[in-house]
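The values are calculated or read from the model by the stated rules, or taken from the named source; none is laboratory data. The model shown is predicted, which means the values in this text are computed figures rather than measured ones. Neighbour counts are summed over all protein chains in view; Cβ atoms, including those assigned to glycine, are modelled from backbone coordinates with ideal geometry. Quick note on the areas: whole protein, heavy atoms, side chains included, nothing else; ligands and nucleic acids left out. Shrake-Rupley method; radii C 1.70, N 1.55, O 1.52, S 1.80 Å.
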Amino acid sequence: MRRRLGHHRQHGKQGGGGGLLAKLSIAVLFLLICSLSLLSAPFTPNTNGSTAPSQISVEELWKSANSGGWKPSSAPRSKWPPPPKETNGYLRVRCNGGLNQQRSAICNAVLAARIMNATLVLPELDANSFWHDDSGFHGLYDVEHFIQSLRFDVQIVERIPEIHKNGKTKKIKAFQLRPPRDAPISWYTIDALKKMKEHGAIYLSPFSHRLAEEIDNPEYQRLRCRVNYHALRFKPHIMKLSESIVDKLRAQGHFMAIHLRFEMDMLSFAGCFDIFTSAEQKILKKYRKENFADKTLIYKERRAIGKCPLTPEEVGLILRAMGFNNSTRIYLAAGELFGGERFMTPFRALFPRLENHSSVDASEELATNSQGLIGSAVDYMVCLLADIFMPTYDGPSNFANNLLGHRLYYGFRTNIRPDRKGLAPVFIARENGRTAGFEEAVRHVMLKTNFGGPHKRISPESFYTNSWPECFCQMETQNPAHKCPSENVMQNLHSQLASENIDVEQYNRSDSTISLAER
């Protein structure tokens, strides 16, 4: 795995004296030198690692990470029967939350339908009070592409059909259930399926984080990837608008995208109030009281363990310490920053070439939807295609969560993920006047992070952030579990559909369907 660092070797020299006195003298001298070095050294936090000087190569960061021979592939690698014509009923879901939660919920809905042998009704996107956006699935995603791409996995309909019996028309009323958070597969195959068979249809609401992420079935995990990275494609005009912005940004060279999560909802959730004025604190505390559970949060304690979102200035200081200069072009994907321009001024002084979707493309659609789901979708695509992506707060329900996983799947594209907990003592020391060695201390922390290559998923990292190794394969490997599927996987799946007496032509109407062999 390439970490794109400068490599440094420490050279030790052993004394060759034969006498005990000579050896003791050398040891004493060595201890004295070490003591003097420690006394005179600039501040470096205790990070349980080597404090030897090291470098990060900015030129290497503009390139994708070393894949180690891995390539993305979410095609089935074992027997994967097509969905039968007769299912157990209809599954409706309401995907609440922002773009990230909704994408994860859609993936989970497809998997739940597969597990239950149900027909999935096109997922509903919640027009909640935060977004004030009723675009819906039809307004955001390419519906035909979604249905066609998943034709080997589940049956999907746009609405529950009416039943015609004895000359009468009857509507099936879906029975509403509230799934447990991170529900196991057994809840769907027992509790939910029982109600589906009783009523003919069930409605799961809310449906954010309602299916466990860690499932010991790689085929189920690969289905999630097929949904997330292939079937969920934004509508053509959103794709065209995003590509236009990327083209304009890239016309002047490399560019970096930063998701600057310094917004009212996140600051309120984190309980990080002390850096704001009394009037601003009042607003944050009111928002927290209305939207989150009552809990005593102490700013200094939260800050010390990395629970506060990075300020714009801290983001700039990290990038400057890593070696990026003021000519770096940066695209900001963010909602309305809380606290106004005074927080942006220090960042802008370090990196003046800042852009957002409104400054690059002043189209009417973005002007009227800049804070809604369409604006978020454009930001998503620009961040996906950027040379480097940096999230400043990448929690499991955050916009960055899916993006990090998508960029990994998209070719191990460089991500800069600040270790907020590791950086906290460095920034706190700087605020207290201990500035000597600040940049070296920042680099020391950042050298321990992964910049986008294959890496083991360790809790609490989400499957949607890192789907390696389930959704990747190797052409040359001794491990059969990691072997890429054969090239005739598409032909096999077509044959299976035909053997089930399903009209294959019905599933082949769209020329835009991505081949499973390419997944």
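Figures for the structure shown
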read-out: Carbon plus sulfur fraction of accessible area for the stretch 396-443, probe 1.4 Å, in percent; value: 47
read-out: Reciprocal mean inverse distance between Cα atoms of the stretch 210-252 - Kirkwood radius, Å; value: 13.0
read-out: Protein-only accessible surface order, largest first, of TYR331, TYR299 at 1.4 Å; value: TYR299, TYR331
read-out: Other-chain or far-sequence residues with amide H under 5 Å of ASN88's (modelled H); value: ALA118, THR119
read-out: Fraction of accessible area attributable to carbon and sulfur, the stretch 193-279 (%, probe 1.4 Å); value: 53
read-out: Probe 1.4 Å, protein heavy atoms only - accessible area per residue of the stretch 104-232 in square angstrom; value: 43
read-out: GLU243 accessible area, 1.4 Å probe, all protein chains in place, Å² to nearest 10; value: 90
read-out: Sequence-separation-based contact order of the stretch 91-189, relative, with Cα cut under 8 Å and 6+ spacing, percent; value: 27
read-out: Among the listed pairs LYS240/LYS307; LYS165/LYS235; LYS85/LYS194; LYS170/LYS195; LYS194/LYS456; LYS71/LYS421, those beyond 27 Å (Cα-Cα); value: LYS240/LYS307; LYS165/LYS235; LYS194/LYS456; LYS71/LYS421
read-out: With all protein chains modelled, accessible area of ASP182 [1.4 Å, Å²]; value: 80
read-out: Distance from the stretch 297-323 to the stretch 150-165 (C-alpha centre basis), Å; value: 49
read-out: Theoretical FRET efficiency, 1/(1+(r/R0)^6), r = Cβ-Cβ of TYR220 and SER244, R0 22 Å, to 0.05; value: 0.05
read-out: Accessible area (Å², 1.4 Å probe, nearest 10) - HIS254; value: 100
read-out: Under the Karplus curve 6.51 cos²θ - 1.76 cosθ + 1.60, θ = phi - 60°, whole-Hz ³J(HN,Hα) for the stretch 314-331, x wherever Gly or Pro sits; value: 4, 4, x, 5, 4, 5, 5, 5, 6, x, 6, 9, 6, 8, 5, 8, 10, 9
read-out: Eligible lysines near LYS79 by straight Cα distance, threshold 16 Å, same-chain separation 8 or greater; value: LYS483
read-out: Rough spin-label spacing in nm, given labels placed 7 Å along Cα→Cβ, for THR435 and LYS286; value: 3.8
read-out: For PHE472, distant residues with modelled amide H under 5 Å away; value: SER73
read-out: Whole-Å semi-axes of the stretch 217-363's equivalent ellipsoid (Cα gyration tensor); value: 30, 24, 16
